[in-house]
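Below is one structure, written out as structure tokens; the observations come after it.
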């Protein structure tokens, strides 16, 4: 049983370590007035700082969750340590030698588990660093040199080498007084088939993974040899001191500059962190074998103070996997008050490769040329749709508008809505702005994000479950639409009086009928031989050509419904033909104009000339239809 720490030593530890120095290892503190400091509470999620520290009193208190106490209480809670472990840790920082009243102090027997595991990792880290200079580690030194890292860089980041034998580290740590159980619990060793501990990491380049206070709590190991059958990167398993979802590689080196510059740069690997720091981007950090997620966000929020003037920049390769990772990061955007941006590395290079190929300035330029993550996400969503069709543009709008509506800053939200209209080639910019505003308003009323439950956003938000409605026969038609009324009238003429619309009707395409059921009827007429070939069995042929009972019923309905004209003649038929064709031409003109907008000023001259020529032809045809009527068909 561990001895009791001398009371005088406990008091000395409490007095020796300033509370603000300890707390600032975990979060950014700013002046709160009256000699106090404030920051975002590390014990509960909050957007405004309610956590205060009084250096003069040596106390902290959160007005949000009511957690409070002194330096010892803070460390015990945030690192989940026992009282004795906390005193031992703070004593080590202050250089105080502790006295134990029951049996004296026996290193290795009376220290708490966490302290012992941290000490084992500290010793292992130094062992690996020493081994990097050995003849066997030549392959590791070549690897580092090939990526632009010299000996000084390796020392700065504590990079080392694990010997290829079975138990080099195990025997070394045993000699330091660590037990086999401690080595296995720490993740530094694992049990062999024979039950004895062997080194977990063998013949690999080693990166020490440190917590925010700088303590080594794990390792990342990179494969160097082809005969190594393990994964490319092997990380420390989950242990009492290492939780990969709570760790950011490089955070101990980057935290001060992150707080100072109000910017964090998230990269994908250990060498990327090294490359960024050596290139002058000293706010770079990376996850350790896991996706960037909620617990990582909490770490950064505390350092950034989570204000709207701060920024998180994600860097990803330009390949499909990198883009997918970027969109995953976007899903967490609303967990930050900070602005989030993305920097896509050119040519699929990561920051390490970029530095090697183009130098430090290229890495700095990469970060400075970042794009807001909202803009990236919008472009990715829009790119999935065919913008050359009205249907594609409508689908792209419905997919992208909730993302724009999710932007917190209303002025920026409006700007992106205008940009989205241009991206889609929708000339009615205000229509897009109104749609975005509508989605944002509904989300506020529901208390959720605009991009949640997107299917509900396609119509008015339901206040209560709708009563059961009878099944509808196909897509609903807006019969108040002038276009739909005209299309319906023309189809009735084609079915009831085919001779009046022949042969012009047979040249009409399905897409000239904007209502899907009407387009289906037009297709059935074509498959039945068209109006020009209409004979006594014409209607029966059209009904037989219908793809299903729904369209067949609509054919029957149109065939018997009265035509809305006192005199049904060629003049009336010509008017309907012109109206449908003219609307189709006008829609195509809008599509071509939208395409010109998307091409932009940097478009290929030949491509732009072709588009402009098509636009001119369409405009002339439309003018002719208006001037000459059916004679222009």
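In region 343-356, the count of residues that are buried (at least 23 other Cβ atoms within 10 Å of the Cβ), touching a helix residue (DSSP H, G or I) at 6+ places or on another chain (Cβ under 6 Å), under 21 Å from residue 245 (Cα atoms) and at pLDDT 75 or above is zero. Note on region 385-440: residues that are part of a loop (DSSP other than H, G, I, E, B) and either assigned by TED's automatic domain parsing to the domain that holds residue 511 or over 19 Å from the mean Cα position of the chain (by Cα) (or both) total 9. Taking region 190-216 as the range and being closer than 27 Å to residue 253 by Cα and touching a helix residue (DSSP H, G or I) at 6+ places or on another chain (Cβ under 6 Å) as the test, the residues that pass are 205, 206, 207, 208, 210, 212, 214, 215, 216. In region 535-544, the condition of being surrounded by 15 or more Cβ atoms within 10 Å (Cβ to Cβ) and farther than 19 Å from residue 503 by Cβ is met by at least one residue. Going through (1) at pLDDT 85 or above; (2) touching a strand residue (DSSP E or B) at 6+ places or on another chain (Cβ under 9 Å) one by one, residue 16 falls short only on (2). Take residue 598 and tell me if it is more than 18 Å from residue 499 (Cβ to Cβ), modelled with pLDDT under 90 and in a helix (DSSP H, G or I). When the stated conditions are applied, residue 598 passes them. Tallying residues that are part of a helix (DSSP H, G or I) and touching a residue at least 40 places away in the same chain (Cβ under 8 Å) within region 19-39 yields 3.
Which strands (runs of 3 or more DSSP E) does region 46-158 wholly contain that include 2 or more residues that are within 37 Å of the chain's Cα centre (by Cα)?
Qualifying strands (runs of 3 or more DSSP E): 51-54, 59-62.
It is to be established whether one or more residues within region 509-528 are surrounded by fewer than 15 Cβ atoms within 10 Å (Cβ to Cβ) and over 26 Å from residue 587 (Cβ atoms). No, the conditions are met nowhere in region 509-528. Considering (1) crowded, with 17+ Cβ neighbours inside 10 Å; (2) at pLDDT 85 or above; (3) more than 27 Å from residue 262 (Cβ to Cβ), the lone condition that residue 89 does not fulfil carries the number (2). Residues that are surrounded by fewer than 16 Cβ atoms within 10 Å (Cβ to Cβ) and under 12 Å from residue 315 (Cβ atoms) within region 369-380 comprise 369, 371, listed in sequence order.
Among the residues making up region 337-359, those that are within 17 Å of residue 274 (Cβ to Cβ) and in a helix (DSSP H, G or I) are 351, 352, 353, 354, 355, 356, 357, 358. Being surrounded by 20 or more Cβ atoms within 10 Å (Cβ to Cβ), outside the structural domain of residue 215 (by TED's automatic domain parsing) and modelled with pLDDT of 80 or more is a condition met by no residue of region 63-70. Residue 186 meets the conditions (1) under 15 Å from residue 224 (Cβ atoms); (2) within 35 Å of the chain's Cα centre (by Cα) in every case but one. The failed one is (1). The set of residues in region 176-200 that are surrounded by 22 or more Cβ atoms within 10 Å (Cβ to Cβ) and in contact (Cβ under 8 Å) with a residue 40 or more places away in the chain comprises 178, 183, 186, 187, 188.
So that you can scan it fast, the table gives a plain yes or no per residue for (1) within 30 Å of residue 488 (Cβ to Cβ); (2) in contact with a strand residue (DSSP E or B) (Cβ under 6 Å, 6 or more places away or on another chain); (3) exposed (fewer than 15 other Cβ atoms within 10 Å of the Cβ):
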position: 580; (1), (2), (3): yes, no, no
position: 583; (1), (2), (3): yes, no, no
position: 590; (1), (2), (3): yes, no, no
position: 604; (1), (2), (3): no, no, yes
position: 608; (1), (2), (3): no, no, no
position: 618; (1), (2), (3): yes, no, no
position: 622; (1), (2), (3): yes, no, no
position: 626; (1), (2), (3): yes, no, yes
position: 631; (1), (2), (3): yes, no, yes
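Given the criteria closer than 25 Å to residue 117 by Cα and surrounded by fewer than 16 Cβ atoms within 10 Å (Cβ to Cβ), does residue 256 qualify? Against the criterion (closer than 25 Å to residue 117 by Cα and surrounded by fewer than 16 Cβ atoms within 10 Å (Cβ to Cβ)), residue 256 does not qualify.
Just to be sure before I move on: is residue 49 touching a residue at least 12 places away in the same chain (Cβ under 8 Å) and either surrounded by 20 or more Cβ atoms within 10 Å (Cβ to Cβ) or assigned by TED's automatic domain parsing to the domain that holds residue 255 (or both) in the structure I sent? It would help to see each step written out before you state the result.
Working: touching a residue at least 12 places away in the same chain (Cβ under 8 Å): yes; either surrounded by 20 or more Cβ atoms within 10 Å (Cβ to Cβ) or assigned by TED's automatic domain parsing to the domain that holds residue 255 (or both): yes.
Against the criterion (touching a residue at least 12 places away in the same chain (Cβ under 8 Å) and either surrounded by 20 or more Cβ atoms within 10 Å (Cβ to Cβ) or assigned by TED's automatic domain parsing to the domain that holds residue 255 (or both)), residue 49 qualifies.
Here's the yes/no breakdown for (1) in contact with a strand residue (DSSP E or B) (Cβ under 8 Å, 6 or more places away or on another chain); (2) surrounded by 14 or more Cβ atoms within 10 Å (Cβ to Cβ):
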{"residue": "129", "(1), (2)": "yes, yes"}
{"residue": "147", "(1), (2)": "no, yes"}
{"residue": "150", "(1), (2)": "no, no"}
{"residue": "153", "(1), (2)": "no, yes"}
{"residue": "160", "(1), (2)": "yes, yes"}
{"residue": "174", "(1), (2)": "no, yes"}
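Within region 226-249, the set of residues being in contact with a helix residue (DSSP H, G or I) (Cβ under 7 Å, 6 or more places away or on another chain), surrounded by fewer than 17 Cβ atoms within 10 Å (Cβ to Cβ) and closer than 19 Å to residue 159 by Cα is empty.
The values are calculated or read from the model by the stated rules, or taken from the named source; none is laboratory data. What you are looking at is a predicted structure, and each value in this text was computed from that prediction instead of being measured. With ideal geometry, Cβ positions are generated from the backbone for all residues, glycine too; neighbour counts draw on all protein chains shown.
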